[in-house]
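Q: Supplied in structure tokens, the structure appears directly below.
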Amino acid sequence: MHIKRNYILGVLNGIFFRIGTTFIDVNTILPVLIQRLTGSATFVGLIASLYKVGWFFPQAVSAYYLQDMPFKKPVYIRASIARVFTLSSMTILVALANKVSHVTLLCSVVALVATYSALSGFGSVAFMDIIARTVDPMLRATFFSMRWALGGILSIGAGYAAKWIIQHINFPTNYSLLFGLSTTFIALSAAMFALAVEPTSPMPDKKENFREILTGGISLMRNDSAFRNLYLFRVMIAIWSSALPLYIVYARKELGIAESFAGILAAVQIIGRILPNALWSYIGNKFGNRYILITSAFFAAPMPFLALFLSEVPDSMKLALLGLIFFSGAAALNGIIVGSLSYMLDIAPEHVRPKYIGVFNTYIAPWMLLPTLAGWFAGNFGYIPLFKLALLSAILALFLSSKLK
């Protein structure tokens, strides 16, 4: 009974989360806001970096905190409450944008985005451990795919709503409204999972100190080939994804695409996240979760490849090609997330699962700073060389994915 209940609540959690994040999408909505405030590609990259690093970096701390707790859900609930409070603060702050300096607004938004992301990452270890204990391993790919697919379908409307809000409501009320809508749906998402029933988790033989947990990743990297190969694959994906927030900036600055088109691209991304989910579910259940990662890596290459030709095509084709770029990137990223989450739960030993997940993601965290470097690189050397580097990393990721066992 609880297994079915938790499955449904977990899917509802994902649906509301997807809708909420669409209103402040880190690859479309937030970059346009930061570009408006600063005109700097470097700052656009910085906000994307902080969003990603904040999610990954605190997970080893979370693993240390959770290791001897028989119930993990209270940690998730506390982190979620703090996360909603942070989003509410951003809503109020952006509403007051005309009454404070752009420097104050920018610094505050950056700090709050980093805080929101860190809270999300801290709570995610507890979330993943509960999912691992309550969702049948053979249904994990389907579970994560349903969260993305059903949430994505409803988020299409959110993307178009974001476009209308940006286009028809004056600044800063438009962006404040987007943050407010995001706050509402993120709160609903947390409330759904708070209703889940958590079974008691197995305890480790001994409690490790934080240093032992953090340095344990070195041993895992050396002795666990599954851990090592997945890590190298994710590093290549991190390089590829560092350019993601800059495609819309390139389209705005170099090609003259309207600001309101960011909402349309957010909707296109959602479609790209929806359509492949049946494929991910089928591949994961039929062949294994590593094949989701192989297929996703194949989808990653078209995004930077097509971007190389954006300036060469007629104006009538630019919007269509830009839509295809965002579709392929969203499909790849969706598969990488679904595949990585499912594959990680497959290879993580049950009695040390929080440590395994937390250490892996903390080790990935430094690579999440790459969007800042990518923004600086694009500002100094141009967007086309950056897209070529992203294409090369996608090809290497495809090669590395074939080594996963």
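Q: Rounded to the nearest 20 debye, what is the charge dipole size of the chain about its Cα centre when +1 sits on each Lys and Arg Cβ and -1 on each Asp and Glu Cβ?
A: So the dipole magnitude of the chain works out to roughly 380 debye.
Q: Still on this model: For a quick check, take a GNM of the chain with Cα springs below 10 Å and name the residue from Ala320, Ala332, Ala365 with the largest mean-square fluctuation.
A: Ala320
Q: Hey, what do the phi angles of region 378-393 turn into as Karplus ³J(HN,Hα) couplings, whole Hz, using 6.51/-1.76/1.60 and θ = phi - 60°, x for Gly and Pro?
A: Computed from phi, the couplings for region 378-393 are 5, x, 9, 10, x, 7, 4, x, 5, 5, 5, 5, 5, 5, 4, 5 Hz.
Q: With θ set to phi - 60°, apply the Karplus curve 6.51 cos²θ - 1.76 cosθ + 1.60 along region 100-108 and write out the HN-Hα couplings as whole Hz, x wherever there is a Gly or Pro.
A: Whole-Hz 3J(HN,Hα) from phi for region 100-108: 10, 5, 4, 5, 4, 4, 4, 4, 5.
Q: How large is ³J(HN,Hα), in whole Hz, for each residue of region 147-157 in order, when computed from phi with the Karplus curve 6.51 cos²θ - 1.76 cosθ + 1.60 and θ = phi - 60°, using x for Gly and Pro?
A: Karplus values, whole Hz, x for Gly and Pro: 4, 6, 5, 5, x, x, 4, 5, 6, 4, x.
Q: Continuing with the same structure: Mind checking which of Ser89, His102, Ala162 is farthest towards the positive end of the chain's charge dipole, using Cβ charges of +1 (Lys, Arg) and -1 (Asp, Glu) about the Cα centre?
A: Ser89
Q: Let me ask something else about it. Only four residue types carry charge here, +1 at the Cβ of Lys and Arg and -1 at the Cβ of Asp and Glu. Report the dipole size of region 1-96 about the Cα centre in Debye, rounded to the nearest 20.
A: Charge dipole of region 1-96: 300 debye, to the nearest 20.
Q: Over region 263-405, what number does the Rg to Rh ratio reach, with both radii from the alpha-carbon atoms and Rh per Kirkwood? It would help to have the intermediate numbers written out before the result.
A: On the way: Rg = 16.9 Å, Rh = 16.6 Å.
When Rh is taken as the Kirkwood radius, the ratio is 1.01.
Q: Please give the charge dipole size of region 129-251, origin at the Cα centre, charges +1 on K and R Cβ atoms and -1 on D and E Cβ atoms. Round to the nearest 20 debye.
A: Rounded to the nearest 20 debye, it is 220 debye.
Q: Oh, and also: Which of Lys4/Lys207; Lys99/Lys163; Lys72/Lys355; Lys253/Lys318; Lys253/Lys388; Lys52/Lys206 have a Cα-Cα distance over 21 Å? Provide the component values of the computation, followed by the final result.
A: Values: Lys4/Lys207 32 Å; Lys99/Lys163 25 Å; Lys72/Lys355 13 Å; Lys253/Lys318 14 Å; Lys253/Lys388 19 Å; Lys52/Lys206 31 Å.
Over 21 Å Cα-Cα: Lys4/Lys207; Lys99/Lys163; Lys52/Lys206.
Q: Further, regarding this structure: Quick one: what does P(r) look like for region 31-128 with 10 Å bins over all Cα pairs, in whole %?
A: Calculated over all Cα pairs of region 31-128, the distribution is 16, 40, 27, 14, 3 percent.
Q: Mind running the shape call on region 93-221? Use the C-alpha gyration tensor, a ≥ b ≥ c as the square roots of the eigenvalues: rounded below 1.5 for a/c, prolate if a/b tops b/c, oblate otherwise.
A: Oblate, because a/c is 1.5 or more while a/b does not exceed b/c.
Q: Sticking with this one: For a footprinting-style exposure proxy, rank Ile292, Ile3 by other Cβ within 10 Å, fewest first.
A: Ordered from fewest to most neighbouring Cβ atoms within 10 Å, Ile292, Ile3 come out as Ile3, Ile292.
Quick note: the coordinates plus some simple rules give every number you see, no bench work behind them. Source: prediction; values computed, not measured. Quick reminder, even Gly has a Cβ in these numbers, built from the backbone with ideal geometry, and neighbours come from all protein chains shown.
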